[in-house]
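**Student:** Take this structure first; my questions come after.
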Amino acid sequence: MPFKKESQLEYQNLFKAFFEQSAFPMQIFGINGDLLEGNRAWEIMFQFSKHEVIEYNVFRDDQILNGPIHQGLLKALKGETVELEAFYYDPQKSVNIGRGRWLESWIYPVMDQNGNVQQLAVIHQDVTEKMATQVALVKSATERKAAEEKLRLISERLSLAVKAGKIGVWEWIPGTEEIQWDETAEKIYGAIPKLLPKTVKSFNELVHPDDRDLVYLTITDALRHQKSYRVDHRVIRTDGAIRWVQMTGVAVYNNKNSPTLMMGTVMDITDRIEAVKTRDEFVSIASHELKTPLQTLILQNQMRKRNMIKGATDPLCAKKIEQMVDTDLRHLSRINRLIDDMLDISKIRAGKLNFIKEEVEFSTFIKDVLDRFKPQVESVGSYIRYQLCRPVKMEIDAYRMEQVIVNLLTNALKYGAGKPINVELIKTSNEVKVLVHDEGPGVKEEDRMRIFERYERAVSSREVSGLGLGLYIAKQIVKENKGQIYVDSREGGGSTFVLALPY
């Protein structure tokens, strides 16, 4: 604040009054840096008495020497008035008392009548609260920016996850007819992007008629009880295909508990539903097929035990025992084959069906397989006729390929009703064909591809036992050997299964 200099004495009196009564914290230093005076506002600001710092020298204070105020003091000693930007000063570090404050300061040189600097007057303004507000604002802005960045990253990751997971997103304002959904949802519903009408009516028409009540009641219940929901239901796509979808949703409510927005996701779960259905069917078939031979074994052994308890040993003569053992072995062999099929199907699903190839003479290999299978054929009163080709060396997995041949022979035995099985081995310029012909009922033309799928048979499971996995497993094995397997048949004229392998 400028003062009119009428006389040095008048100036000093005015300054002393201003110094003592001022609400601004003020200090007076000698030109050597000793503290000469400090007013009451200064004591209150730092929360100590000037008598506690009577020996303080500003030029021996490391905080001052290393801070902006030092240069200001030197300039003031040369007669300049200095204004300092905000800086932090903590008396605890210098005199072990008081509290730290943020200050804006002005340094005025006090001169005699000759213009020589005699003292330095320092006026402070406590801006601690102002700085705290600024720091808070900066922190808030930084945190807000960080939160926005985090939200952006989460949004991007969610968007990528939604796209990668083929999840559609939708929004609906309850009470209105308009629904918003993204392109993924449109694709799930089988629509050409941006051409599907975004209305409640069009959505209802997509929901399968048998599931519309379920969807309506689920959404209504969620809105009534202010909770999220998830519902699995069928939709009829615009191309006519029926698919299963899982729809989730949650609503946003106002202060009157009225829903203002509902949003959610939709995902095609047809493959999951089919997998569960396939699993249940597999468990059902496997349970039935395993239970039948086991039940027979249990009944036969219970009968033997009763005869032994009664002392009826005649039925247990050597010939009878041999027949019983043969029957047991057939049932056990069947159980073992069922278990092998179940293990193989699990390995195929996991991509862990191992193949160990070796060089074999294929004609001799086929003859050996037929000889090993001969007792099983003769046990049902049938026989095998075969015709082999000239020797041919091939790289095959002998164990897996025998599994394929045995499966074809077993099917021929199963469907051939005790009639002869004809096996022919044909060698061409680039492949070898194994033809297995039975004289059974044949395979309908529409079933010739289907029987090579999982759990499929040419006839009902009530007529022929088995898991319906044999031909599927055989197809996978042949495929790994770069070959083909198919059936040539006419209804009522038997079937010829063909295994073709390159060499």
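The values are calculated or read from the model by the stated rules, or taken from the named source; none is laboratory data. Predicted, not measured: the structure shown is a model, and the values here were computed from it. Because the Cβ atoms are built from the backbone with ideal geometry, glycine has one as well, and the counts that use them run over all protein chains shown.
**Student:** Can you pull out every residue in region 410-424 that is closer than 21 Å to GLY483 by Cβ and surrounded by fewer than 21 Cβ atoms within 10 Å (Cβ to Cβ)?
**Tutor:** THR410, ASN422, GLU424 - these are the residues of region 410-424 that are closer than 21 Å to GLY483 by Cβ and surrounded by fewer than 21 Cβ atoms within 10 Å (Cβ to Cβ).
**Student:** If we scan region 311-324, do we find a residue that is touching a His at 6+ places or on another chain (Cβ under 6 Å), at pLDDT 65 or above and part of a helix (DSSP H, G or I)?
**Tutor:** No: zero hits.
**Student:** Within region 467-503, count every residue that is of a type in the set (Val, Ile, Thr), closer than 20 Å to VAL392 by Cβ and modelled with pLDDT under 90.
**Tutor:** 1
**Student:** Another question, then. Could you say whether any residue in region 267-282 is at pLDDT 80 or above, among the acidic types (Asp, Glu), within 30 Å of SER228 (Cα to Cα) and in a strand (DSSP E or B)?
**Tutor:** Yes, some residue in region 267-282 is at pLDDT 80 or above, among the acidic types (Asp, Glu), within 30 Å of SER228 (Cα to Cα) and in a strand (DSSP E or B).
**Student:** Out of the residues in region 238-266 that are surrounded by fewer than 16 Cβ atoms within 10 Å (Cβ to Cβ) and part of a loop (DSSP other than H, G, I, E, B), state the one that is farthest from the chain's Cα centre (by Cα).
**Tutor:** The qualifying residue farthest from the chain's Cα centre (by Cα) is LYS256.
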